[in-house]
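Here is the structure we will look at, set down as structure tokens.
The numbers here are math on the coordinates, done by the rules we state, and not lab data. Values in this document were obtained by computation on a predicted structure and should not be read as measured data. Cβ coordinates were reconstructed from backbone atoms using ideal geometry, including for glycine residues, and neighbour counts include every protein chain displayed.
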Ligand code: PHE
């Protein structure tokens, strides 16, 4: 190749190596291959050469042009990769950073209702103890809601003034809005083989309405079925749960003999509080908080489980009630009124989901 072409190639290569970004690279391209670029100028000058020289020189200039084009492409690829790396580094998202609670915040932007929040907490706390979540329908049959649970035909819970009934289908029994989450005990035992460990948060219905009762409310059921399950398991589970939920490590818990048709023996569970100040954990008074007991052998048998081979315990509690106690909420009715002032006070940010650290 002619010396002047070698020199030009060396110049262009040096300029390419010195081009630090895509903009500088484009300047090198224009200077070499643009309309009035150096290589373009050489191609244009060929016409002035005598024909015999023109051929050989033309071939050389075209080779140079091809080399320059490839070198430009190579450098462009290198610079684009570097630019991408730089962008990735600069715009990296640290997903472990806490979220910024930027405006709009507060209930107007959406918040977690105390009922949902308590359900999240129940699922997290019992989840850590190996409980899965089970669900059932709000509209139940008489058998699941009452009979399978050993609730006799004339039990007060079945009375029309206590329970919401729907119209009976032709020749059938009236469906009911479930009066508790206990029918899901039956559904779960029928649907899966023991061992079983579930909680059932959900809506329940009773014909009741005052400052502490709403016709629609929420319960959480618990059911554990296993071999050799005994009252110690029931007590340990509930004491651990109540202390974690209320965040009081030495919360006094009392088990008091009681009666439910579907558990035997049955116990109501109280926690210690002060009737005077409303403070939980001290004060020498007792507050009833949930019902529990060993699953009645007849209930196991009704649900197809051999009561000689399997034992279990169950419990049920009101979600509104434990939420009111935990947060000092005096009245049940605002839970369902969607009053922004109330929500602003008691609802939680969706940016702070419940974790087990909160319960430590
Ligand atoms: N279903 C009972 C109620 O609604 C609570 C309960 C559940 C009691 C499970 C014992 C066992 O009052």
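Things to note:
- For the chain, the fraction of alpha-carbon pairs in successive 10 Å shells from zero, as %: 5, 18, 21, 14, 7, 5, 5, 8, 9, 7, 3, 1, 0
- The chain: most fluctuating residue of 224, 176, 63 per GNM, C-alpha cutoff 10 Å: 63
- Residue 166/residue 259 FRET efficiency (R0 30 Å; Cβ-Cβ; nearest 0.05): 0.55
- Residue order, fewest to most surrounding Cβ atoms within 10 angstrom, among 117, 174, 341: 341, 174, 117
- Ordering 339, 270, 250 from the fewest to the most neighbouring beta carbons within 10 Å gives 250, 339, 270.
- Under the simplified labelling scheme, the residue 336-residue 24 pair shows an inter-label distance of 7.2 nm, with each label point 7 Å from Cα along Cα→Cβ.
- Placing a pseudo-label 7 Å from each Cα along the Cα-to-Cβ vector at residue 44 and residue 90 gives an inter-label distance of 3.7 nm.
- Residues 229, 139 arranged by fewest to most Cβ contacts within 10 Å: 139, 229
- Using alpha-carbon coordinates, inclination of helix 231-246 to the longest axis of the chain, degrees: 60 degrees
- Computed over the chain: relative contact order in percent, which uses C-alpha pairs under 8 Å that are six or more apart: 16 percent
- Using a Förster distance of 35 Å, the FRET efficiency for residue 274-residue 209 (Cβ separation, nearest 0.05): 0.80
- Distance from the range 135-157 to the range 5-40 (C-alpha centre basis), Å: 87 Å
- Here the spin labels are modelled as points 7 Å beyond Cα on the Cα-Cβ line, and at residue 173 and residue 327 they lie 3.7 nm apart.
- Extension gain from residue 53 to residue 344, taking 0.36 nm per residue of separation minus the Cα-Cα distance: 95.8 nm
- With 0.36 nm allotted per residue and the present C-alpha distance subtracted, the residue 298-residue 3 stretch has 95.7 nm of extension available.
- Rh by Kirkwood over Cα pairs, then Stokes-Einstein D for the range 2-90 at 1.306 mPa s and 10 °C, µm²/s: 112 µm²/s
- Debye equation applied to the C-alpha atoms of the range 250-360, log10 I(q)/I(0) at 0.16 Å⁻¹: -0.93
- Among 301, 211, 20, the largest mean-square fluctuation in a Gaussian network model of the chain, built with springs joining Cα atoms closer than 10 Å, belongs to 20.
- Under 18 Å from the residue 11 label point (7 Å along Cα→beta-carbon), backbone N, the range 24-54: 25-46
- Note on the chain: GNM, Cα springs under 10 Å; of 46, 149, 340, the largest mean-square fluctuation is that of 46.
- Ellipticity estimate at 222 nm from DSSP helix runs (n ≥ 4, -39,500 (n - 2.57)) divided over the chain, nearest 500: -12500 deg cm²/dmol
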